[in-house]
Amino acid sequence: MEKNLILHNFIKAELDNREAEPPVSSYVTEMKAETDGEDCRGPQPARNQDPGRPPQANTVEKASDSETEFSYEDWQKPLSDSGTEAEDEDSDCEETRTPESGVSDLRQRQNQKTSLMTEEQVQKGRKLFGCDVCGKRFTRQEYLKRHLRVHTGEKPFGCDVCGRRFNHRQSLETHKRVHTGEKPFGCDVCGKRFRTQGNLKEHIPVHTEEKQFGCDVCGKRFTTQRFLQTHKRVHTGEKPFGCDVCGKRFNRKPNLKTHMRVHTGEKPFGCDVCGKRFRTQGNLKTHMRVHTGEKPFGCDVCGKRFRKQGNLKTHMRVHTGEKPFDCGFCGKIFI
């Protein structure tokens, strides 16, 4: 009897101990609830579905069965599944990239930005490139490089006819029209033709605009300020353009260019009738009157006509009696 009582107490104590321990299946359920409940803020504590409900009697049997059938893979799998879900949720919270792809994207965006900035700057006319000598600025590096030839004196382009050299290719192409006589730009009003677009542009105001700029000395008026400034040198005696060979000076640069042909022997203008050649277009034009018989200058006194204005001026002394030239030996005077 006593042995049966001891055995009964032992079995009861063992059962009490097993009821006090949490079942393994309940533990696995709590673990899965924890992992399923994770979000961007981290894991949340598991909540008991019914805290006040006591464990059932058959829980001991289920726990015993789970102890014999449960393996490591059985409870590890929910953890791995929850980890995948957690990674997906983390990717929603914060986008992650590998360092290589991030650097590549950054460089690509920077290159695109630089390209867009360059195009925008050119379109807006921003002059980013400046000359260290005169401070003039340009929108492109190539324009600055070409401009520097003005200061260095470099003239890489030469004329095959007269040997004259230029610092710009376009200047050489324009110069060649002197030899060919080509004048591709014509005035729509009077028909006068020019070798350059700039010369035509300066000519147009003769027909379309008033001569707003007047000389304070003689009252002669001009269409542009530049023409007026050039004219004023007639009164001031200023001659800023000098010949490097003989030292003769001129008040206009075109006059110096024409004079230089005296030293070079260049005669770019030729007569189509007799082949005679001339240094200036004006001389050729005057010569052509020999063949055409044109005499545009007439005397108002006797009506005699002349091919050159200088010949008419000399003729007028016949009527005025002016004799400006005298002989240094005998003193005789001449018209």
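Which of the GluC sites (Glu not before Pro) found in the range 196-267 are loop residues per DSSP with 13 or fewer other Cβ atoms within 10 Å of their Cβ?
Numbers: sites: Glu202, Glu209, Glu210, Glu238, Glu266; in loops: Glu209, Glu210, Glu238, Glu266.
Passing both the DSSP loop test and the Cβ count: Glu209, Glu210, Glu238.
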Per-residue HN-Hα couplings for the range 131-142 [Karplus 6.51, -1.76, 1.60; θ = phi - 60°; Hz; x = Gly/Pro]: 7, 6, 8, 10, x, 5, 10, 9, 7, 9, 5, 5
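What net charge do the residues around Ile204 carry, taking every other residue with its C-beta under 12 Å from that of Ile204, with Lys and Arg at +1 and Asp and Glu at -1? Display every interim value, and only then the final one.
Working: positive: Lys192, Lys201; negative: Asp188, Glu202, Glu209.
Local charge sum for Ile204: -1.
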Listed peptides 141-151, 181-191 by packing density, highest first (mean Cβ within 10 Å): 141-151, 181-191
Å² per residue, accessible surface of the range 180-276 at 1.4 Å: 69 Å²
Other-chain or far-sequence residues with amide H under 5 Å of Gly186's (modelled H): Phe194
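In the neighborhood of Ile333, defined by Cβ-to-Cβ distances under 15 Å, what is the net charge if each Lys or Arg adds +1 and each Asp or Glu adds -1? It would help to have the intermediate numbers written out before the result.
Working: positive: Arg317, Lys323, Lys332; negative: Glu322, Asp326.
The answer is +1.
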Accessible carbon and sulfur surface of the range 126-185 relative to its total accessible area, %, 1.4 Å: 46 percent
In Hz, Karplus ³J(HN,Hα) per residue of the range 317-326 (6.51, -1.76, 1.60; θ = phi - 60°; x = Gly, Pro): 5, 5, 7, 8, x, 6, 9, x, 10, 10
Amide H contacts under 5 Å for Phe213, placed H, 5+ residues apart: Phe222
Full-extension gain in nm, Lys211 to Lys239, via 0.36 nm per residue minus C-alpha separation: 7.6 nm
When the convex hull of its Cα atoms is projected in every direction, mean area for the range 128-222 (nm²): 9.8 nm²
Under 5 Å, built H, 5+ apart or other chain: amide partners of Phe306: Phe297, Gly298
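The values are calculated or read from the model by the stated rules, or taken from the named source; none is laboratory data. Computed from a predicted model, the values in this text were never measured in an experiment. Glycine also receives a Cβ, built like all others from the backbone with ideal geometry; neighbour counts cover every protein chain displayed. Ligands, DNA and RNA are stripped out before the accessible areas are found, and what is left, the full protein with its side chains, is counted by its heavy atoms. Shrake-Rupley method; radii C 1.70, N 1.55, O 1.52, S 1.80 Å.
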